[in-house]
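Presented below is the structure to which this report refers.
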Amino acid sequence: MDISEYTAKLQNDLVTAAELGDDHTRRIAASLSAAIEPSVRLVLLAAATELAKEIGTKLDGREVRVNLDGNEIVTDVARPTNSTGGEGGNEKADDEKKDSTYSFDDVSGDISRVTLRMMEQIKARAEEAANQNGVSLNSWVSQAVQGALRDQMRKNGMD
């Protein structure tokens, strides 16, 4: 499920509500709508995670997992890892699978500020890509870093 449309809708609603105010109010609303995007993504993921847990309790012998992959909330229905009867060979594979995916627990916590310096042409292209994806440059760079880390973890897990 692509959550971009939901975050964009909330951002648009905030900007639309600010149309009732003056220019200063509209500028603040536009800035706030961009700033809240990462928080909205986490809240949507948290809601999806809670829903998955609730659905999982209704499924006999299955669990529903929710992961964030870029702009996509990805669900997976599987047998719980402890239902394998404790076979030693499966525990390592399960651990590697857990390490190669991101769940809500992995992306929660404190947000840190980072100063990034890059060539102007690269920044302009990154801003263009972020706009095409309907996200802020900050969110786009954050997603790129998450994707690179995920790829590195997968690569290292296969070596």
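The values are calculated or read from the model by the stated rules, or taken from the named source; none is laboratory data. Note that the structure is predicted; figures quoted are calculated from it, not measured. Because the Cβ atoms are built from the backbone with ideal geometry, glycine has one as well, and the counts that use them run over all protein chains shown. When the accessible area is computed, the model is the full protein with side chains, heavy atoms only, and any ligands, DNA or RNA have been set aside. Shrake-Rupley method; radii C 1.70, N 1.55, O 1.52, S 1.80 Å.
Here are the numbers for the structure shown:
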| item | result |
| --- | --- |
| For q = 0.14, 0.22, 0.25 Å⁻¹, Debye-computed log10 I/I(0) when each Cα of region 1-78 counts as one equal scatterer | -0.56, -0.92, -1.06 |
| Environment charge at residue 33 (Cβ cut-off 14 Å; Lys +1, Arg +1, Asp -1, Glu -1) | +1 |
| Low-density loop positions, GluC sites (Glu not before Pro), region 1-65 - DSSP coil, at most 13 other Cβ in 10 Å | 19 |
| Whole-Hz couplings from phi, Karplus 6.51/-1.76/1.60, listed for region 20-34; x for Gly and Pro | 6, x, 7, 4, 4, 4, 5, 5, 5, 4, 5, 5, 5, 5, 6 |
| Accessible area per residue in Å² at 1.4 Å probe, computed on region 11-70 | 62 Å² |
| Value of Rg/Rh across region 1-45 [Cα atoms, Kirkwood radius] | 1.03 |
| Net charge of neighbours whose Cβ lies under 13 Å from the Cβ of residue 43, counting Lys and Arg as +1 and Asp and Glu as -1 | -1 |
| Spacing of the two label points (7 Å from each Cα toward its C-beta) at residue 79 and residue 117, in nm | 5.5 nm |
| Label-point gap, in nm, between residue 132 and residue 13 - each point 7 angstrom along Cα→Cβ | 3.0 nm |
| Heavy-atom accessible area order for 9, 123, largest first, 1.4 Å probe | 9, 123 |
